[in-house]
Amino acid sequence: LENVDDAVYIMDLNGNILEANEAAYAPLDYTPEMFFDLNLNKIIPENDANLILYQLVEKAQLQTQPRINLETFHIKENGTKVPVEIHSRAISYRGKKVILNVARDISKRIEAEKALRESEERYRSVVENSRDGIVILDTDLKILFANERFCEILGRPSIETLGCDLIKYLEPSEQGNIEGH
């Protein structure tokens, strides 16, 4: 367990922590003694803890090694939250049915997704507010995207332009220039 970067902890079917690696308790500012006195509903939000415990215990009666994956938060000793992705499964461990949780901190992924969304919003704003007509074509010169200014220039609504061949909108004298490339 200690050679794994992700938080790994084993619980009984009531959510009491039985075993854990340092990656499970140290980032949450718990000592091992404190962590092993905790129940799952003190480490993650109670609704998510109940989801894991009840669904896995129930499913364990019907199938071998049922699994649940969810995004939630680990709650640090001081109450702050760390976003995590948890993979839980019911397993047999030392002759007992238990629940194994493997949790990964997803803070950086969430920040990257937020930065990507913000970048996409800026890009969309620039393209949509441009005074120039902007069009994206596929390799067959079909229109995949056209901003509003492009549609205004053509005098056509965007719904009419999407999927159409760009050559349709060019002067005959210009069509040869495009087809030659």
Exercise. Given +1 on the Cβ of Lys and Arg, -1 on the Cβ of Asp and Glu, and no further charges, what dipole in debye does the chain carry about its Cα centre, rounded to the nearest 20?
Worked result: 600 debye
Seminar exercise, completed: Kirkwood calc, the chain, C-alpha pairs only, radius in angstrom 20.7 Å
Exercise. If exposed trypsin sites (Lys or Arg not before Pro) are those in a DSSP loop with at most 12 other Cβ within 10 Å, what is the longest stretch of the chain that has none?
Worked result: 1-93
For this session: Could you pull out which residues in segment 110-125 have an amide N less than 11 Å from a spot 7 Å beyond the Cα of Ile134, following the Cα-Cβ vector?
Result: 120-125
Problem set entry | Zone of Val57's modelled label, taken as backbone nitrogen in segment 5-42 under 11 Å from a point 7 Å along Cα→Cβ | 12-16
Problem set entry | Pairs beyond 18 Å (Cα-Cα), from Lys59/Lys81; Lys59/Lys96; Lys42/Lys97; Lys76/Lys96; Lys59/Lys97 | Lys59/Lys81; Lys42/Lys97; Lys76/Lys96
Exercise. Going by alpha carbons, how many degrees (0 to 90, nearest 10) lie between the helix axis of 107-128 and the longest principal axis of the chain?
Worked result: 20 degrees
Seminar exercise, completed: Scoring segment 24-97 by relative contact order with C-alpha pairs under 8 Å, at least six apart, yields a percentage of 29 percent
For this session: In vacuum, with every alpha carbon of segment 1-96 counted as one equal point scatterer, what does the Debye formula give for log10 I(q)/I(0) at q = 0.16, 0.21, 0.24 Å⁻¹? Two decimals, please.
Result: -0.64, -1.12, -1.45
Exercise. Using r as the Cβ-Cβ distance of Ala112 and Phe73, and R0 as 25 Å, what FRET efficiency do you calculate, to the nearest 0.05?
Worked result: 0.90
For this session: Tally up the carbon and sulfur contribution to the accessible surface of segment 110-181 as a whole percent, 1.4 Å probe, everything protein left in place.
Result: 51 percent
Exercise. What lysines sit close enough to Lys142 to cross-link, taking a C-alpha to C-alpha distance under 18 Å and skipping anything fewer than 8 places away on the same chain?
Worked result: Lys168
Seminar exercise, completed: In units of 2.2 N^0.38 Å, the Cα radius of gyration of segment 93-142 is 2.33
Seminar exercise, completed: Per segment 97-181, sqrt(5λ) over the Cα gyration tensor eigenvalues, sorted largest first, in Å, gives 43, 17, 11
Seminar exercise, completed: Given a 1.4 Å probe, the accessible area of segment 130-181 per residue, as a whole number of Å², is 71 Å²
Exercise. Which of these, Leu166, Leu51, Leu13, has the largest mean-square fluctuation under a Gaussian network model of the chain (Cα springs below 10 Å)?
Worked result: Leu166
For this session: Of the options Thr31, Ile44, Ile17, report the single residue whose Cα projects farthest towards the positive end of the charge dipole of segment 1-87 (beta-carbon charges: Lys, Arg +1; Asp, Glu -1).
Result: Ile44
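The values are calculated or read from the model by the stated rules, or taken from the named source; none is laboratory data. Predicted model only: the values in this text are computed from it and were never measured. FYI the Cβ positions are ideal-geometry reconstructions off the backbone, even for glycines, and counts take in every protein chain you see. For accessibility, only protein heavy atoms count, side chains too; no ligands or nucleic acids. Shrake-Rupley method; radii C 1.70, N 1.55, O 1.52, S 1.80 Å.
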